[in-house]
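The next block holds one structure in the form of structure tokens; read it before the comments.
The values are calculated or read from the model by the stated rules, or taken from the named source; none is laboratory data. Only a predicted model underlies this, so the values are computations on that prediction, with no experimental measurement involved. For neighbour counting, all protein chains shown are included, and Cβ atoms are generated from backbone atoms with ideal geometry for every residue, glycine included.
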């Protein structure tokens, strides 16, 4: 009798877990994935439905995993970051950052397209994610294949956009920090960056927070 009760409890737990995950039309946890495999491919329209309402980090990570597994076209995801609905655009940019930075080499062929659209980023909430991506892909430890691909591309639009974000008083501090790091990473390719970046950093440090002061002194010491 005890064995039967335990068995019933286990079945109920599995069903509850399955139902809770499918409230968002997402696959169940890893331990149940073999039994409940997500067969339906996510289209751009379906993704828009998934991110039309408020989502948290857990769902962003889960959607990122699903889209990666299903080889969702990065170009389509990039396009969604320019959606007319700024909330959808923001959530798409959040997912883009997670997917791309997890394995940049996987999306080497789409790097040119992403860079080509950097000047079009207007949604305030998307700037943070694009600036962070630019900071990482221009860093010293970025994969060799990405470095090589960037050498083939014109990055001056990226430089211009990063400076615009640093200068614009309406842009969030986090965006300015990521932008300054990206510019610092590109200073050897474009030597003229050094003087202008130093000037902008000093300007930000005048009334900047403790974080800005610390980051600013670090960058200035290495320029």
Q | Filter result for residue 90 (assigned to a loop (DSSP other than H, G, I, E, B) and in contact (Cβ under 8 Å) with a residue 24 or more places away in the chain) | A | no
Across segment 107-123, the tally of residues that are surrounded by fewer than 18 Cβ atoms within 10 Å (Cβ to Cβ) and in contact with a helix residue (DSSP H, G or I) (Cβ under 8 Å, 6 or more places away or on another chain) stands at 7
All conditions in (1) closer than 14 Å to residue 200 by Cα; (2) at pLDDT 95 or above; (3) part of a loop (DSSP other than H, G, I, E, B) are true of residue 169 except (2)
Residue count, segment 69-81, condition buried (at least 16 other Cβ atoms within 10 Å of the Cβ) and farther than 10 Å from residue 96 by Cα, comes to 1
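Here are some residues: 36, 82. Which one is part of a loop (DSSP other than H, G, I, E, B) and at pLDDT 95 or above? Walk me through it before giving the result.
On the way: 36 fails: at pLDDT 95 or above.
Going through 36, 82 in turn, the sole match is 82.
If we scan segment 186-209, do we find a residue that is under 19 Å from the mean Cα position of the chain (by Cα), in contact (Cβ under 8 Å) with a residue 40 or more places away in the chain and within 18 Å of residue 131 (Cα to Cα)?
Narrowing segment 186-209 to residues under 19 Å from the mean Cα position of the chain (by Cα): none.
No, that holds for no residue.
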Being part of a helix (DSSP H, G or I) and surrounded by fewer than 19 Cβ atoms within 10 Å (Cβ to Cβ) is the requirement here; does residue 181 meet it? no
Notebook entry, point to check: Is at least one residue of segment 196-210 touching a helix residue (DSSP H, G or I) at 6+ places or on another chain (Cβ under 7 Å), assigned to a helix (DSSP H, G or I) and farther than 20 Å from residue 138 by Cβ?
Noted result: yes
Among helices (runs of 4 or more DSSP H) entirely within segment 100-154, at least 1 residues that are within 16 Å of the chain's Cα centre (by Cα), closer than 30 Å to residue 169 by Cβ and at pLDDT 95 or above occur in 111-116, 124-137
Pairs returned, first residue in segment 156-179 that is at negative phi and free of Cβ contacts under 8 Å to residues at least 24 places away in the same chain, second residue that is surrounded by fewer than 22 Cβ atoms within 10 Å (Cβ to Cβ) and not in a loop (DSSP other than H, G, I, E, B), beta-carbon separation under 9 angstrom, 6 or more apart or interchain, are 164/119
